[in-house]
Amino acid sequence: MPLYAFRCPEGTEFDRTYPMSEVPAAVDCPECGGAARRRMSAPRLSVAGSTAYRLMDATAATAHEPPVVTSLPGSGGGGGGGARITRNPLHQKLPRP
Ligand SMILES: [Zn+2]
């Protein structure tokens, strides 16, 4: 959720987090109890470069940039001597492990 900045008439500044649809124009000041109005500032939505941000980027990238694989998952992991690749189109019809 975005972080919004508030400032009361006596000058106390503080931040609060609200959903974008529910952010109030004024809240009670935590120190004097006065009506602190929301300051005009850019909402701090997220921190680019954070772990969550990189995970979202990586997840979105798999939709259009799937990683290149050279073997089936779980096959040839033991003492495999390389992937067995055949070019015969009839082999495509063989059952997969
Ligand atoms: Zn105050």
Requested in this report: Provide Met40, Met56 in ascending order of the number of other Cβ atoms located within 10 Å of each residue's Cβ, fewest first.
Outcome: Met40, Met56
Report summary line: When the charge dipole of region 1-63 is computed with +1 at the Cβ of Lys and Arg and -1 at the Cβ of Asp and Glu, the Cα pointing farthest to the positive end, of Cys8, Thr62, Pro30, is that of Thr62
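Rule-based calculations on the coordinates, nothing more; no lab input. Every value quoted in this text rests on a predicted model; they were computed, and no experiment measured them. Please note: Cβ atoms are built from the backbone with ideal geometry, for glycine as well, and neighbour counts cover all protein chains shown.
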